[in-house]
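Q: I'd like to ask some things about the structure below.
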Amino acid sequence: MSADAVSARGPAGEADTGERLRRWRLVLGGDSADGTGCELSGRDAAMDGALASLYGRGGKEHRTGKNRAAGLGASAPSVARWLGDIRTYFPSSVVQVMQRDAIDRLGLSTLLLEPEMLEAVEADVHLVGTLLSLNKAMPETTKETARAVVRKVVEDLERRLATRTRATLTGALDRSARINRPRHHDIDWNRTIAANLKHYLPDHKTIVPERLIGHGRAAQSVKKEVVLCIDQSGSMAASVVYASVFGAVLSSMRSIRTRLVVFDTSVVDLTDQLDDPVDVLFGTQLGGGTDINRALAYCQSQITRPAETVVVLVSDLYEGGIRHEMLRRVAAMKASEVQFVTLLALSDEGAPAYDREHAAALAELGAPAFACTPDLFPEVMAAAIEKRPLPIPAAG
């Protein structure tokens, strides 16, 4: 007799079986063919109702397994009640997925233009992206509420990302600032001695240093220039949100001069708004075409210290401009010692769709393109600042 059969006997085994049937019933949705024979009540029935409203359970057509139709409806009051229900019955991470599915499956984007709806939703990066795409259609009565929602998400991201980013980049800046021809008062004696131990002269009991290692100057002058060049086409919504937050964090560091440029078929420099990433986000215009070449031409024109500059292009590389010119500009920047980083995405959304031909061409120029999570971004920037190999994630 199998262990499962043994465990199914007696009160404990019956309870385990009942719990498994309950869970399968919630997963399968109560079709006549689901085979569970399980009836739900109380909180379980309410959870099932919330799921059915979105994923189309319970209708006659659904019971036949064809033409599944959702039953959430399109009125603001019913959607607001449903949003309240799912926040009651499901954890925040699940709520965010269900909200995203409701927007995608049921076309509820227009309802987000109503203030009472915005107050009911669970705010996350994806919701911010949707709001930004609706920005032009948003009535004045909703804009203040929308900004409050966006600000909440941005402040949460800053709290999570800022401290580690500043610490990682400060260390990278200090290491990159060390010089090999220091003045006497700038010599890092501990590192100089360690680097020259092989030149120890036993007879003289001394080291003759072949190479001096120094600290960077202590002055709070700008050490590095960072240009964030962000594709604002519709597919890049989450990347735009994260890039805006990181842009604000970088601009708060006195030793880094940060420029933020967003583009579609036109180019907009939002550097003067970097002190408030919410202003940056509402200055973007998600959607439209893509002209990477034009954006890089502008960024290239702003570079005054190429050897101390890091250019970060965040784009899926679907170029609508002049391809060979885009590649020529990247090659020219690399030749002038600009550190060029290409990110296919800056988000937690997994492997993005991207133009593989352009990615391969950039890799041949020494600018490999890869997707980057927000948690990895500080390490990528630190490597670029120190001019060492980038921590490219292994392909999954």
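Q: Note the per residue figure in Å³ for the convex hull of the C-alpha positions in region 275-396.
A: 130 Å³
Q: When the accessible area of region 89-140 is computed with all protein chains present and a 1.4 Å probe, what percentage of it is carbon and sulfur? Mind dumping the intermediate values first?
A: Working: 1200 of 2310 Å².
Ligands and nucleic acids excluded, carbon and sulfur reach 52 percent.
Q: Same structure again: Which entries of K198/K387; K223/K387; K223/K334 have Cα-Cα distances beyond 22 Å here?
A: Cα-Cα > 22 Å for K198/K387; rest within.
Q: Go through region 112-123 residue by residue and turn each phi into a ³J(HN,Hα) via Karplus (6.51, -1.76, 1.60, θ = phi - 60°); whole Hz please, and just put x for glycine and proline.
A: 6, 7, 9, x, 5, 5, 4, 5, 8, 7, 8, 6
Q: Then there is this: Charges only on Cβ, +1 for Lys and Arg, -1 for Asp and Glu: so what's the dipole of region 88-177 about the Cα centre, in debye to the nearest 20?
A: 460 debye
Q: Rounded, prolate or oblate, given the Cα gyration tensor of region 223-314, with a/c below 1.5 counting as rounded?
A: Oblate.
Q: Just the accessible area per residue of region 118-160, please: how many Å² with a 1.4 Å probe?
A: Value for region 118-160: 50 Å² per residue.
Q: If E349, E319 are ordered by their accessible area, calculated over protein heavy atoms with a 1.4 Å probe, which sequence runs from highest to lowest?
A: Largest to smallest exposure gives the sequence E349, E319.
Q: While we're looking at this one, here's another question. Taking 0.36 nm per residue of separation and subtracting the Cα-Cα distance, what length does fully extending D272 through D156 add?
A: Extra length available between D272 and D156 comes to 39.5 nm.
Q: Each residue of region 295-311 in turn: what ³J(HN,Hα) in whole Hz from Karplus with 6.51, -1.76, 1.60 and θ = phi - 60°, glycine and Pro shown as x?
A: 5, 5, 4, 5, 4, 4, 5, 8, 7, 10, 10, x, 5, 10, 10, 10, 9
Q: Name the shape class, rounded, prolate or oblate, that the alpha-carbon gyration tensor gives for region 328-396, where a ≥ b ≥ c are the square roots of its eigenvalues, rounded holds for a/c under 1.5, and otherwise prolate holds if a/b is larger than b/c and oblate otherwise.
A: It comes out oblate by the Cα gyration axes.
Q: Sort region 103-153 into rounded, prolate or oblate with this rule: let a ≥ b ≥ c be the square roots of the eigenvalues of the Cα gyration tensor; rounded if a/c is under 1.5, and if a/c is not under 1.5, prolate when a/b is larger than b/c, oblate otherwise.
A: Rounded shape, in that the Cα axes give a/c under 1.5.
Q: In terms of modelled amide H atoms, which long-range or inter-chain residues lie less than 5 Å from the amide H of I213?
A: Amide H neighbours of I213: D188, T192.
Q: To continue, here is another question. Hey, can you grab everything whose amide H is under 5 Å from the amide H of R259? Only 5+ residues off in sequence or another chain; H modelled, so Pro and N-termini drop out.
A: V226, V227, L228
Q: On to the next question. Starting from the Cα of R43, step 7 Å toward the Cβ, then list every residue of region 87-104 with an amide N under 18 Å from that point.
A: Counting backbone N atoms under 18 Å from the label point, the list is 87-95.
The values are calculated or read from the model by the stated rules, or taken from the named source; none is laboratory data. What you see is a predicted model, and the numbers here were worked out from it, not measured in a lab. Neighbour counts are summed over all protein chains in view; Cβ atoms, including those assigned to glycine, are modelled from backbone coordinates with ideal geometry. When the accessible area is computed, the model is the full protein with side chains, heavy atoms only, and any ligands, DNA or RNA have been set aside. Shrake-Rupley method; radii C 1.70, N 1.55, O 1.52, S 1.80 Å.
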